[in-house]
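Novice: Quick one: this structure, given as structure tokens, is what I'll be asking you about.
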Protein chains: 2
Amino acid sequence: MQKPAIDHDYPENLDPRVEALVTQVIGRVADKWTMILLEVLTEHGEQRFSQLLRAADGISQKMLTQTLRQMERDGLVIRTVHAAVPPRVDYRLTDLGEGLSYAFCGVWVWAAKNVDRIESARAAFDAARER
Amino acid sequence: MQKPAIDHDYPENLDPRVEALVTQVIGRVADKWTMILLEVLTEHGEQRFSQLLRAADGISQKMLTQTLRQMERDGLVIRTVHAAVPPRVDYRLTDLGEGLSYAFCGVWVWAAKNVDRIESARAAFDAARER
DNA sequence: CTGAATCCTTGCTGATACTG
DNA sequence: CAGTATCAGCAAGGATTCAG
């Protein structure tokens with residue numbers, strides 16, 4: 001992005017260093033599983049590891065652990081270990097995490113609203129490619 | 001950034017089939033480069049291939065081609081080939097793409113606003129890990 | 001139950017070369 | 001200029017196993 005933003009209410013990132021930082025954060029946070037976990041934690045509140053594993057359909061245990069660590073590191077979730085047998089670990093959103101989840105809200109709405117348009121666009125594209 | 005999304009206008013995903021579809025679309029669209037290209041195309045309008053290559057800092061030519069194809073297939077961008085020498089190909093957002101870009105807007109704002117909080121959270125996390 | 005460690009497969013990425 | 005094609009290196013991700 002070399003040019004300044006024009007007619008938008010985007011925060012003016014005059015500093016290219018800030019610009020790069022934001023882009024990096026976006027890259028880190030605009031991840032499929034991060035988005036889904038934010039959504040699950042927002043809808044159901046505090047969740048255990050195994051609950052998240054079931055809720056985020058299709059995620060592997062490894063990915064879940066890894067994604068949760070990243071989110072914890074970025075200050076999006078808080079990890080609570082309960083000393084018990086069997087062990088129990090809860091994850092809940094921080095206010096930072098809630099803010100991000102809220103920001104993603106619009107994307108979910110958009111996706112839900114436009115699923116059919118995307119599907120037909122794909123069908124049209126693939127049909128054109130056939131020839 | 002305060003309350004669970006209960007008080008939001010999320011479409012209630014009663015049908016798990018729809019839920020799965022939406023999740024799939026999110027997974028497809030919640031991609032670093034897709035987000036960045038949407039942003040670039042929103043800010044600067046119609047762009048040529050080479051302009052996008054420069055604007056999306058760090059992307060490889062291969063990834064750019066690939067991402068643009070996916071976006072075209074999903075109906076997010078329109079690809080226009082101008083018969084000229086030298087050849088010229090322009091990409092511009094469809095209204096669907098503009099809608100998605102608009103939906104992502106909140107995430108950009110959030111990221112810009114919270115970069116420093118994330119950075120300090122990371123620092124704290126890494127410091128704690130040292131021990 | 002949580003999650004770390006291992007192996008192994010897939011796929012991105014970068015570089016390069018080649019068309020229209 | 002805007003791609004496609006190919007190859008090599010590397011990292012992401014899945015499945016499995018082991019440990020606290």
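The values are calculated or read from the model by the stated rules, or taken from the named source; none is laboratory data. Since we're looking at a predicted model, the values are computed, not measured. Glycine gets a Cβ as well: all are built from the backbone with ideal geometry, and neighbour counts include every protein chain shown.
Novice: Could you list all residues from segment A:43-60 that are over 11 Å from residue A:77 (Cβ atoms) and touching a residue at least 24 places away in the same chain (Cβ under 8 Å)?
Specialist: We begin by selecting, within segment A:43-60, every residue over 11 Å from residue A:77 (Cβ atoms); these are A:43-45, A:48-51, A:53-60.
The answer is A:45, A:48, A:49, A:59.
Novice: When residues of segment A:76-97 are filtered for being away from DNA strand C (no atom under 16 Å from the Cβ), of a type outside the set (Val, Ile, Thr) and out of contact with any helix residue (DSSP H, G or I) (no Cβ under 7 Å at 6 or more places or on another chain), how many remain?
Specialist: 1
Novice: Here is a follow-up. Out of the residues in segment A:57-78 that are away from DNA strand D (no atom under 16 Å from the Cβ) and among the hydrophobic types (A, V, I, L, M, F, W, C), state the one that is nearest to the other protein chains (Cβ to nearest Cβ).
Specialist: Within segment A:57-78, the match that is nearest to the other protein chains (Cβ to nearest Cβ) is A:76.
Novice: Ok, one more. Collect the residues in segment A:34-46 that are surrounded by fewer than 21 Cβ atoms within 10 Å (Cβ to Cβ) and within 13 Å of DNA strand C (Cβ to nearest atom), keeping them in residue-number order.
Specialist: A:46, the sole residue that qualifies.
Novice: Here's another thing I want to ask about it. Can you confirm whether residue A:54 is over 14 Å from the mean Cα position of the chain (by Cα) and within 11 Å of another protein chain (Cβ to nearest Cβ)? Spell out the reasoning first.
Specialist: Working: over 14 Å from the mean Cα position of the chain (by Cα): yes; within 11 Å of another protein chain (Cβ to nearest Cβ): no.
No, not satisfied.
Novice: Same structure, new question: Return only the number of the condition from (1) buried (at least 18 other Cβ atoms within 10 Å of the Cβ); (2) out of contact with any Lys or Arg (no Cβ under 9 Å at 6 or more places or on another chain) that residue A:91 does not satisfy.
Specialist: Failed condition: (2).
Novice: Yes or no: residue B:59 within 16 Å of DNA strand C (Cβ to nearest atom) and closer than 23 Å to residue B:102 by Cβ?
Specialist: Numbers: within 16 Å of DNA strand C (Cβ to nearest atom): yes; closer than 23 Å to residue B:102 by Cβ: yes.
The answer is yes for residue B:59.
Novice: Another question, if that's okay. Report, by residue number, each residue of segment B:82-106 that is within 22 Å of residue B:25 (Cβ to Cβ) and either of a type outside the set (A, V, I, L, M) or at pLDDT below 90 (or both). If you could, list the steps in order and put the result at the bottom.
Specialist: First, pick out the residues of segment B:82-106 that are within 22 Å of residue B:25 (Cβ to Cβ): B:91-106.
B:91, B:92, B:94, B:95, B:97, B:98, B:99, B:101, B:102, B:104, B:105, B:106, listed by residue number.
Novice: Now, a different point. For segment A:12-42, how many residues meet the condition of being of a type in the set (Asp, Glu) and touching a residue at least 12 places away in the same chain (Cβ under 8 Å)? It would help to see each step written out before you state the result.
Specialist: Step one: of segment A:12-42, the residues of a type in the set (Asp, Glu) are A:12, A:15, A:19, A:31, A:39.
Remaining after also requiring touching a residue at least 12 places away in the same chain (Cβ under 8 Å): A:19, A:31, A:39.
Matching residues across segment A:12-42 total 3.
Novice: Any idea which residue in segment B:97-131 is nearest to the other protein chains (Cβ to nearest Cβ), counting only those that are of a type in the set (S, T, N, Q) and more than 30 Å from residue B:78 (Cα to Cα)?
Specialist: By that ranking, first place goes to B:114.
Novice: Looking only at residues that are more than 18 Å from residue B:55 (Cα to Cα) and outside any loop (DSSP other than H, G, I, E, B) in segment B:79-96, which one is farthest from the other protein chains (Cβ to nearest Cβ)?
Specialist: Going residue by residue through segment B:79-96, those that are more than 18 Å from residue B:55 (Cα to Cα) are B:80-87, B:94-96.
Okay, now just the ones that are also outside any loop (DSSP other than H, G, I, E, B), so B:80-82, B:95-96.
Details: B:80: 15, B:81: 14, B:82: 19, B:95: 10, B:96: 6 Å.
Result: B:82.
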